[in-house]
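In what follows, a single structure is set out as structure tokens and then discussed.
The values are calculated or read from the model by the stated rules, or taken from the named source; none is laboratory data. It should be emphasised that the depicted structure is a prediction, and the values quoted were computed from it without experimental measurement. FYI the Cβ positions are ideal-geometry reconstructions off the backbone, even for glycines, and counts take in every protein chain you see.
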Amino acid sequence: MIHVFTGPTLSPDDPVLHHDAVRALPPIRHGDLFDPRIVPGDTVVILDGAYHHARAIRHKEIIWTLARGVRVIGASSIGALRAAELSGCGMLGVGSVWTAYRSGQLDGDDEVAVAQSTEGDLASRTWPLVRVRRVVRAAVVRGLLDQRQAARLIDALSDVYYAHRTPDAIRYNARREGLSPFAQWLAKMLEGDQHFGDTKREDALAAIGMAHELADTPVEPVEGLVWSTRCFRQWANRFAAQDTDHGRLRTLARVHYQQVYDDAFKDVWWDYLADFGGGGLSRLLACMVTNPRTDLTDEKTAARLLVHETADDRADIGRYTAANDQACQANPQFLPEAIKESVVKRMLAAVWRTDPAGLEAEAWLRGLHGVREAVDAARPFLLGFLHDQEAAR
């Protein structure tokens, strides 16, 4: 399968995105490469990515993907940037934008940045500088601009904030620089071809073409890229997910549910810790001092921690998530993360059948790092749980 992350560079109705082997996805963002549908042997094509209103894709996420045996190709926009930066790690780059970044001819993010439509189609409403440069070069070749005029126009448009660099703004700046013939010519060219000078689109098509050409070529995991850091494990565990009988659920949420609501999870955790030492210590002390590097992207580890999970548990997680969503829609100010700690602690004390003083020890025995982490784990379930309690009464 070829997973293509795009938005403004290729429109959703572009024929290349409707091939049976292509899975079209929105611009990539932090966490997207942990998608369980991206498996070894697949190809990921990164074109567009979030960077302003959401966390951008991290380099280590791409490196981890390469180490799993997934081919990663970058082009056009953030994909070209990341491919230029990670070529030594096995990421493939294609196209003129990637070449320019790789050679050092371009080095700024604003060269490819655009403002996207807020109407849901992710269409670009502005022009990146790479397209401006391409069109200006074409005008020089046609004799509409000399080199001095071209440089002056590019400098003027470079000073325009990327989110304001619309086609109208480009023509306005051209007229302000006394280059009305260029503005008229550009308007005419765009009437005949809306993609005129669209370097990013050309590179995107080339990248998808490369993905198809390499489809029958085995993908080998890139050696020497395996490492483990605390931050990366947190990312991986936060975004790990699996398709279940109740839809796609985050693995961490499922483990948290067991930690909060299954009293027998204390035995599950104790058995899990046995692989990491702690012999000779009391159970509580062993739970407090043993810190296993739990990887929830590993299916065997997840299955081991979810050994007691039932279909009803998964259904509860789905319902509790829906309860939070409904509360957010009814009151945009509501966030599960903002629920008072004291309220969550009362719920935990009731579920764990302990007094407030016993919460700390109980949390450690369940694999949670104290009561603070227990409160964070339980918050997303509180509203739905209270609804269930009320309905039961």
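If TYR272 satisfies all but one of (1) in contact with a Lys or Arg (Cβ under 8 Å, 6 or more places away or on another chain); (2) outside the structural domain of ALA286 (by TED's automatic domain parsing); (3) not β-branched (Val, Ile, Thr), what's the number of the condition it fails? Answer for TYR272: the failing condition is (2). Whether a residue is at pLDDT below 90, within 27 Å of VAL268 (Cα to Cα) and either assigned to a helix (DSSP H, G or I) or among the acidic types (Asp, Glu) (or both) was assessed, and ASP388 passes this test.
Give me the residue from the stretch 286-299 that is surrounded by 14 or more Cβ atoms within 10 Å (Cβ to Cβ) and either more than 22 Å from the chain's Cα centre (by Cα) or at pLDDT 90 or above (or both) and, out of that set, farthest from ALA361 (Cα to Cα). If we take residues in the stretch 286-299 being surrounded by 14 or more Cβ atoms within 10 Å (Cβ to Cβ) and either more than 22 Å from the chain's Cα centre (by Cα) or at pLDDT 90 or above (or both), then LEU296 is farthest from ALA361 (Cα to Cα).
Among the residues of the stretch 77-112, which ones are surrounded by fewer than 22 Cβ atoms within 10 Å (Cβ to Cβ) and within 19 Å of THR6 (Cα to Cα)? Across the stretch 77-112, the qualifying residues are ALA84, LEU92, SER96, ASP109, ASP110. Within the stretch 22-61, the set of residues being small (Gly, Ala, Ser), within 12 Å of the chain's Cα centre (by Cα) and more than 15 Å from THR6 (Cβ to Cβ) comprises GLY31, ALA54, ALA56.
Looking at ALA207, ALA215, just one residue is part of a loop (DSSP other than H, G, I, E, B), under 26 Å from VAL4 (Cβ atoms), modelled with pLDDT of 85 or more and touching a strand residue (DSSP E or B) at 6+ places or on another chain (Cβ under 8 Å), and that residue is ALA215. All of (1) over 26 Å from TRP98 (Cβ atoms); (2) more than 36 Å from the chain's Cα centre (by Cα); (3) at pLDDT 85 or above hold for VAL140 with one exception: (1). State whether one or more residues within the stretch 300-310 are at pLDDT below 90 and outside any loop (DSSP other than H, G, I, E, B). Scanning the stretch 300-310 turns up no residue that is at pLDDT below 90 and outside any loop (DSSP other than H, G, I, E, B).
The number of residues in the stretch 11-28 being assigned to a loop (DSSP other than H, G, I, E, B) and crowded, with 18+ Cβ neighbours inside 10 Å comes to 1. If you filter the stretch 162-196 down to residues that are basic (Lys, Arg) and farther than 18 Å from PRO8 by Cα, you find that the one that is surrounded by the fewest Cβ atoms within 10 Å (Cβ to Cβ) is LYS188. Residue count for the stretch 155-196 under the criterion of being part of a loop (DSSP other than H, G, I, E, B) and closer than 17 Å to ASP109 by Cα: the result is 4.
The residue that is farthest from VAL97 (Cα to Cα), counting only those in the stretch 39-62 that are surrounded by fewer than 20 Cβ atoms within 10 Å (Cβ to Cβ) and hydrophobic (A, V, I, L, M, F, W, C), is VAL39. Taking every residue in the stretch 369-393 that is closer than 14 Å to LEU335 by Cα and pairing it with any residue that is part of a helix (DSSP H, G or I) and of a type in the set (Phe, Trp, Tyr), at least 6 positions away or on another chain, the pairs with Cβ-Cβ distances below 6 Å are PHE381/TYR320; GLY384/TYR320.
Of all residues in the stretch 339-368, those that are part of a loop (DSSP other than H, G, I, E, B) and either of a type in the set (S, T, N, Q) or within 18 Å of ASP262 (Cβ to Cβ) (or both) total 5.
Residue-by-condition table, conditions (1) within 30 Å of TRP127 (Cβ to Cβ); (2) assigned by TED's automatic domain parsing to the domain that holds TYR101; (3) touching a Pro at 6+ places or on another chain (Cβ under 8 Å):
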{"position": "LEU179", "(1), (2), (3)": "yes, no, no"}
{"position": "GLN184", "(1), (2), (3)": "yes, no, no"}
{"position": "MET189", "(1), (2), (3)": "yes, no, no"}
{"position": "ALA207", "(1), (2), (3)": "yes, yes, no"}
{"position": "GLU220", "(1), (2), (3)": "no, no, no"}
{"position": "THR229", "(1), (2), (3)": "no, no, no"}
{"position": "VAL260", "(1), (2), (3)": "no, no, no"}
{"position": "ASP267", "(1), (2), (3)": "no, no, no"}
